[in-house]
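**Q** Take a look at the following structure, please.
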Amino acid sequence: MLLLPVAFFVIFKYGPMYGVLIAFKDFNLFQGISKSPWIGLDTFRAVFKMQDFYTALKNTFMLNFLDLIVSFPAPILLAIMLNELRIAWFKKISQTVLYLPHFISWIIIGGIVYQVFSTNTGIINHMLAGLGIDPIPFLSNKYYWLLTYLGTGVWQSAGWGTIIYLAALTGISKELYEAAEVDGAGRLKRIWHITIPGIKPTIIVLLILKLGEMVQIGFDRPFVIGNVQVREFSEVLSTFVYKMGMQSGEYSVATAVGFFQAVVGLVFILTSNYISKKTTDQGII
């Protein structure tokens with residue numbers, strides 16, 4: 001039973017690590033990794049002199065930080081709301097509907113976003129025009145784009161993120177709720193004093209993992225929703241790596257940036273885990 005998962009990690013996770021050598025070589029596609037000449041840290045020095053790299057790094061931190069503030073609490077609140085539902089069939093239908101956006105490709109979501117929020121042809125701006133209101137540049141103004149980006153992320157991920165929290169909620173003893181109700185605690189007090197403390201370890205573990213991804217950001221979401229007009233916010237490390245590696249052929253630079261992301265991500269996750277252990281005695285390592 002372990003053969004397939006172990007083979008997956010060996011082939012697709014550990015095997016490609018050999019390619020990290022490209023970051024320390026003047027990589028030539030025809031010479032291959034082994035025969036390309038070593039150049040030490042020259043590629044990293046070149047990367048750290050690029051203004052576009054710092055723009056992408058700043059945007060990556062900004063979008064991930066705002067996502068942490070907006071998107072991280074969303075599945076927690078949603079799971080608590082679903083847990084409070086007493087009509088079983090309505091609860092199941094709600095869960096199914098909320099899960100669906102997770103299975104939609106970001107390419108399709110990008111098309112939906114343009115159909116709904118486009119300045120000239122979007123449904124919302126058509127409705128606003130019918131009311132005599134000026135169109136809102138959801139996708140062409142960087143600040144409106146940022147709100148659209150964050151809102152779309154919540155819509156796509158919140159429902160799926162509730163699964164872990166709902167599983168954690170099932171581990172809370174029903175006797176605690178019954179005892180609190182007997183003592184006169186209302187629904188909000190039961191949520192605050194029983195539900196939230198009951199899923200606190202799960203929240204901390206997921207928060208640590210999320211902090212470890214502060215330098216990592218998916219490629220498809222900013223690439224599909226972004227455009228030239230909002231490049232000041234939409235250019236992130238993943239799109240920077242794509243442009244350097246696939247469009248410019250600078251494979252050493254792209255690999256160096258990817259290696260930088262991995263190292264900084266490791267530092268973030270170890271630091272957040274250390275702080276969590278010192279303050280709450282809970283961690284993942």
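**Q** So what's segment 118-265 giving for Rg/Rh, alpha carbon basis, Kirkwood Rh from the mean inverse pair distance? Don't skip to the end; give the middle numbers.
**A** On the way: Rg = 22.2 Å, Rh = 19.4 Å.
Taking Rg over the Kirkwood Rh, I get 1.14.
**Q** Taking +1 at the Cβ of each Lys and Arg and -1 at the Cβ of each Asp and Glu, which of 226, 240, 214 sits farthest along the dipole of segment 200-285 towards its positive end, judged by Cα position relative to the Cα centre?
**A** 214
**Q** Per residue of the chain, what 222 nm ellipticity follows from adding -39500 (n - 2.57) for every DSSP H run with n ≥ 4, rounded to the nearest 500? Walk me through the numbers before you get to the answer.
**A** Working: 16 runs with 181 residues, N = 285.
Computed ellipticity for the chain at 222 nm equals -19500 deg cm²/dmol.
**Q** Over what distance in Å are the Cα centres of segment 119-144 and segment 162-193 separated?
**A** Computed from Cα coordinates, the inter-centre distance equals 43 Å.
**Q** Got the relative contact order for segment 1-144 handy, in percent, Cα pairs under 8 Å and 6 or more residues apart? It would help to have the intermediate numbers written out before the result.
**A** Numbers: 68 pairs, mean separation 12.3, N = 144.
Relative contact order, segment 1-144: 9 percent.
**Q** Using modelled backbone amide H atoms (1.01 Å from N, in-plane), which distant-in-sequence or interchain residues come within less than 5 Å of residue 25's amide H?
**A** So residue 25 has HN proximity to 39.
**Q** Between the alpha-carbon centers of segment 1-70 and segment 78-92, tell me the distance in whole angstrom.
**A** 43 Å
**Q** Radius of gyration and Dmax for segment 188-265's Cα atoms, expressed in Å?
**A** Cα radius of gyration and Dmax of segment 188-265 are 18.4, 58 Å respectively.
**Q** Excluding ligands and nucleic acids, what accessible area in Å² is computed for residue 4 using a 1.4 Å probe, to the nearest 10?
**A** 140 Å²
**Q** Would the chain count as rounded, prolate or oblate if I go by the C-alpha gyration tensor, calling it rounded below 1.5 in a/c and otherwise prolate when a/b exceeds b/c, oblate otherwise?
**A** Details: a/c = 2.27, a/b = 1.35, b/c = 1.68.
It is oblate, given that a/c is not under 1.5 and a/b is not larger than b/c.
**Q** Separate question: Looking at the chain as a GNM with Cα springs under 10 Å, which of 111, 15, 130 has the largest mean-square fluctuation?
**A** 15
**Q** So which residue, out of 161, 265, 19, gets the largest mean-square fluctuation from a GNM of the chain using Cα contacts under 10 Å as springs?
**A** Result for the chain, Cα springs under 10 Å: 19 fluctuates most.
**Q** For segment 1-66, what is the relative contact order in percent, using Cα pairs closer than 8 Å and at least 6 residues apart in sequence? List each step's numbers first, then the result.
**A** On the way: 28 pairs, mean separation 12.8, N = 66.
Result for segment 1-66 is 19 percent.
**Q** Considering every Cα-Cα pair within segment 1-90, what fraction, in whole percent, is farther apart than 23 Å? Intermediate values should be presented prior to the final figure.
**A** Working: 2538 of 4005 pairs.
When all Cα pairs of segment 1-90 are counted, 63 percent exceed 23 Å.
**Q** Given contacts defined as C-alpha pairs under 8 Å and at least six residues apart, what's the relative contact order of segment 136-285, whole-number percent?
**A** 26 percent
The values are calculated or read from the model by the stated rules, or taken from the named source; none is laboratory data. In this text the structure is predicted, and so the values were computed from the model without any measurement. Neighbour counts are summed over all protein chains in view; Cβ atoms, including those assigned to glycine, are modelled from backbone coordinates with ideal geometry. Heavy atoms of the whole protein, side chains included, go into the accessibility calculation; ligands, DNA and RNA do not. Shrake-Rupley method; radii C 1.70, N 1.55, O 1.52, S 1.80 Å.
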